[in-house]
Amino acid sequence: MARTLLPPSLDELRSPTSQASQITALKQLKNELVGHEQRKQLVVQHGVVPELVRILDTSGKREGKRRTKEGGVSIVDGPALDEKPEDSNWSGEEELRLQATLVVGSLAHGGLAYITPLIAGGIVPPLLSALSYTDIASKTMLWTLRSLLVMAEALAADMQSLAQSSTNTFAEQLFVRPVVDSLADILSDKSSSPVAEERICLVAQLIKHSCKAPQHQALLVKAGILDLLAARLAAIAVAIGYGPTSDASSDLPHPLQPSKLVFLLDAIAAIIQGSSYRCARFLYAPSVLAVFPLFDNQNSSSEQFFAKLRDEAAAEAQTQSPLELLLPQLHALQTKSELSFSRSFPSLSPPAGEFSRTPFFPNSGNLNPHSGKTISVDEFGSPLIAWLIHLARTMNGSDRLSAAWLLTLLIRALDRHALDIWNDPSRNRDRTLALLVAPLIVKMIDEAMADSKALSGLTPAQQLSVRRTKELAPLSLAMLIEDNLPLQRAAVDAGAIKILSQILKKTFDPVTVTSKSMWSPIPRSSQTMESTMDSPSCEIGKPGLLPEAIHAFKCRAAAMEALSAIAQKEDTYRKSIIDQGIVTCVVDSLVPQTDGPSLDGAVRPPSNDKEGNPVSVIVAACNLSRALSRSVNVLRTSLIDGGIAKPIFNLLTHPNMEVQLAATDVVCNLVLTFSPMRDDLMRSGVMNVLCEHAHSAEPRMQIISLWALKHLMDNASNDVKISCLEELGTGWLIQKIGGDLRDTGARVTTPIGMGTPNAAGEQVDLLNAEEPTMELDGDSIMSDYEDPEAMADSLDSLSLPRYSRRTPPPRHHNRLKAIKNAEQSASARSYKNDIRIQEQALDFIRNTITNTGPGIESAQIIDHILHTLNRDRLFEILISKLKPRSSGPTLSTPITPHGKRPTLTTPASSAYSNQNTSSNNPPPHHQSSAISAQFAREATYTYTYPPEILKSSLMVLLSIANGTPHHRTLLLDAPNLVTSILPLFAHPAREIRVTCCWLVLNLTWIENGGDAIPARERAMFLRRAGVEERVRCLMLDQDRDVMERAKAAGESFVKLCGSLGGDDGEGGGRDGLGMYGGHRRDGRGMRV
């Protein structure tokens, strides 16, 4: 076989003799390149990309000028695109551009190796110019979208980041306002022809594969793309009979075919992913509200309506809204005991031919048989959630998967940001998800596993659906069940652990290659010839992974993410996962990838040569390792036997920040006192690495590193603690616990340098500093949501369809603005990060002070801390955090603990419920008339710092009081310390009240016979300050722990203050109430 020759058509492109000859040369080149990889490589290396860029750029400019003279018209104001008489006006420039676009598409089909020189040569901008209706013919636009989609799909599959610069360049050139406006024009096309629908679907797929960065997602929201996609989705819902036929819905665009629904779902999911604001913006889109209106918490008419329907005859019940008929009828939970719902899942789809409800569960022993209340769509706030559940239960293949994916994104986002669209987040909502959604997703994964064993017998579309289900369904399951024990239990009951473990193990089998390269007598390693032109556009890029290897890696990461979500809370689930024998797979998944694939472009099975894993797999493996390491039994047996410590330690210095964060998360659990890997990690130098990470400019790294160091200090020797303090720097530590909060609302930090260390030794990057504006939906003209009429007038000036120019009611503007401010405001983010850093820094000091190990002198390390941190400065900082800011109802919103679903309330929620972050019982002053008026007033005080900081500050003082009598005296001598603590006895949070009681117990503790008189003096000092009075009030506290600790503290006052003799004072100590030794447990909990 002869060596491949350079196509002669390339010479004509370089030196064209005429336009017709150029068109002929492009056609010949296109036919010669299709399916011929060697020729593609040859023409790229001989400079075909610059010629294609020149042709596209020149023909586009000429065509744009010609159409401008003829008078182009916008699709929004004029006729649909397919109504234009393009065939009669087809020009040579249009044909030239079309053929050049086809050649670009053929090269792009060659994969990542050819897309890299295409993007480097500047092919994207001239292609994007074809997306304007006034410039380019529809046929050319269609093939342009196809070529762009091929490039987007290949770049999205680059798991090794071999073409990261090309990926960034492609996205940056695609997501600019002029191009996005052109995409909006395509999505707002009035035509109902198949060609118009294909263009819309291609744009949706382009968004799905390319829209990953938050700034690009925000741009699509501002430009109205999300509203346009929502309108298309609502139009399909109305067309298939799930929405009202009101005037509002009459403004919707022409519905696409129901088979195109999957593209809209995927595009919407790509835009809203990772943002609660964008999810809420989607739910509040005018078209979505028109079809799926939100329920008003203050209006019970819907509940009364459904109750009436249940009491009426079956014939009358047929008049119910289709939305109310989407889901099976399920009993609503009435008591906490009913959380143990029935495991008899209803059918996944209604009987064929009509909608129907499944019957009640009369044999469910955990349900209240006297309760007639059933779960309705009200429980979800938006009927859209119920509709998506219905789609997931009734559709098949990729459609079902896309519906489930969008559903889980919405639920996850709404759980993280409390909206007022849910009456109760509700056990009833979780019950529905546990019965209808979680087992369905597990079933989808199981079916995909079964189908993957016989892929050869499936069509290409079916094969793609099976692979996509195995890659995405586990991620959907992970997001759905995260931090939710009932849903985790439902997934386990459906057999998720066994199925996911099988998927994980299967990814380590040898990869079966289905695509083969063209045979050549010349070895591929010697085919790589040098470019004839010194330009990036003439250099072949790295080929990347084979599709089979990409699929294996994606399945591996998804399976581990789902398993980590299951193993979050229950130790029995962790043991079940370990019993599946997946520890070796997890450890192998922690091995980073090498520099890339071999020279021949092939990727060998990752299980055979251990070439490593991409970042997504490593992060997933770290997440699963962290979840499994929460079990003491697993930590001491399976994980240490698997040798997990060494690869985790190596990942601490990985160049990728996300990998470093995930690995540090695991280290938090590996350095606990009872971990057998703690000493090995210490010898490896983990403390120095963590101290270095603590000085990172990334707030998340500071938080997690301090968390790990906090665990490392527990029961460590004084030498280790002193060494760690020196490594961190006492000045830096004082700065971190001091913070810079001026108000509970937020604070703004100003960067000090660009890539240089600040005074605290942190690396600060000026380029990352930004303060985003709080615009909600579009340009600056749309930023004023306090004036809806003005905003509507501004929207009318935009070239968008009528249904996307309507605005939500004013009350929705305020909600969206609040959500966006909490999520995207730099000052709000800085405040939250500062609070979390302060909390971990205070806990670090507490664990450093506290010693429970044998032979460890607590007094020595306390003295060292007070000396190095400057005792007066430390006390001043702690007292400033404890002081109340003012009296009256609080306006601040505390940080919700991670892992708990926030209670969704209306903005009219009481101040007391806002402060109570841990399901606390209120202090007894609300129930007992014996409480003094002063105590009642103190319960209304507001504080500059949230309860987390108050508790951590108190625990530091508590640890110091756990030292010697001298240290207790130092605390009482601190100015304003006792005065600052007094109001905390009436704090709504039970943790604060019980910690105050423990502090009193430690301050009044008698160390020995010689400490009796000083202890009595300390007790008398506290009595005169009013502490005993407040302790007596807490003896009536509804919380048993608070009440018992208050009783013990009260007994200490009576015995100490009633005895003057040393013997009596010593005997007056607390019988059976030794020094508080359990206070460290709150700070030593495993990383969650």
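Here, each number is a calculation from the coordinates, and none is a lab measurement. Worth saying up front: this structure is predicted, and the values here are computed from it rather than measured. Neighbour counts are summed over all protein chains in view; Cβ atoms, including those assigned to glycine, are modelled from backbone coordinates with ideal geometry.
What to note about this one:
- Subtracting the Cα-Cα distance of Leu1036 and Thr730 from 0.36 nm times their residue separation leaves 105.9 nm of extension gain.
- Packing-based ranking of 713-723, 541-551 yields 541-551, 713-723, ordered from highest to lowest mean Cβ neighbour count within 10 Å.
- The calculated FRET efficiency for the pair Ala933 and Ala697, based on their C-beta separation and a Förster distance of 51 Å, comes to about 0.55.
- Computed label-point distance, nm, for sites Thr58 and Arg829 using a 7 Å Cα→Cβ extension: 4.6
- √(5λ) per eigenvalue of the Cα gyration tensor, the range 133-253, largest first, Å: 28, 17, 13
- Among Arg556, Arg683, Arg836, the ranking by other beta carbons within 10 Å of each residue's beta carbon, starting with the fewest, stands as Arg683, Arg836, Arg556.
- Cross-link pairs Lys30/Lys139; Lys208/Lys554; Lys505/Lys575; Lys721/Lys881; Lys443/Lys498 - those with Cα-Cα distance over 23 Å: Lys721/Lys881
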